[in-house]
Structures are given as C-alpha cells and as structure tokens.
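See below for the structure under consideration.
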Amino acid sequence: MYKIRGTKQAKKDTAKCERAGFKTQLDEILDTVEKDPYDLSQCFERLKGDLKGCCSRRINRKNRVLYEVLPNTENARDKDGNLYEGIVLVYEAWGHNYKKPDLKQLPPPPAPQ
C-alpha cells in the first residue's frame, strides 16, 4: 500500500475534475495507484525526458494524472500502524503538457503522530 500526497496544484485540479464530471475516473485511478502505482491498467505510462521518474495515467483523452513514486523516508503508517511501501506524490490531474515542479514548492510532510 502506498500513501498518496498531492501538491497544491493537484488539489486544485481535483476540484476541476469534480466540476467536469470526472470524479469517478479520478477516484478509480487514485485507488489503483494507492494499491500499486506501477499497475499496467488505465493507460499507465512511464515518462521520459524532463519528466523521467514520473508516471501518468489517463483520465480521459485530454487529461492525465501526473505522479511520482518516492521512498517512504517519513516512515508514514496507515491507520492500522502498517508501514507504507512508498509515497505517491501527485503533481497534477488536469491537462497533459507537464513540467516537473520544483520540489521546494511542495507542502511539508505532516507532523508525526
């Protein structure tokens, strides 16, 4: 199981998806990514070039979810205390012409409990 975190842009894009009627598709993608971010379903694609290390999944013909799988350096755990395998950082969920954001602009991880 992977923990999903999103950038500010991803949160804005989630609202756009909901308004446009793509909430179901986005939820299905996030459920799949939470279980296995490298699952080959839902038009999975590993990206190249400037976005090397990132993956995308198609919401519809025009929009994709852009994410990167990072190691669980936070030692984040689920509700039952099980350690997550990694962190899935969702950068964007609207459009398809991406630029990898600067990691300095990301929100800080939540404080340990």
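Only the coordinates and a few stated rules stand behind these numbers; no lab work does. Remember, it's a predicted structure, so these values are computed and weren't measured experimentally. Note that we place each Cβ from the backbone using ideal geometry, even for glycine, and neighbour counts take in every protein chain shown.
Taking a cut-off of 22 Å, what percent of all Cα-Cα pairs in the chain are separated by more than that?
In whole percent, the long-distance tail amounts to 30.
Could you check the spin-label model distance between Lys52 and Arg77? Points 7 Å from the Cα along Cα→Cβ, value in nm.
In this crude spin-label approximation the distance works out to 3.7 nm.
Might you report the magnitude of the Cβ-based charge dipole of the stretch 12-93 about its Cα centre, with Lys and Arg at +1 and Asp and Glu at -1, to the nearest 20 debye? Please report the intermediate quantities before stating the final value.
Working: 15 positive and 16 negative charges, 109 e Å.
Magnitude of the dipole: close to 520 debye.
Choose one answer from Gly49, Gly86, Gly95: the residue with the largest mean-square fluctuation in a GNM of the chain with alpha-carbon springs under 10 Å.
Judging by the Gaussian network model, the answer is Gly49.
Can you tell which of Glu92, Glu74, Glu34 shows the greatest fluctuation in a Gaussian network model of the chain with Cα springs below 10 Å?
Result for the chain, Cα springs under 10 Å: Glu74 fluctuates most.
Which of Thr14, Thr24, Thr73 moves the most in a Gaussian network model of the chain with Cα springs under 10 Å?
Checking each option, the largest mean-square fluctuation is seen for Thr73.
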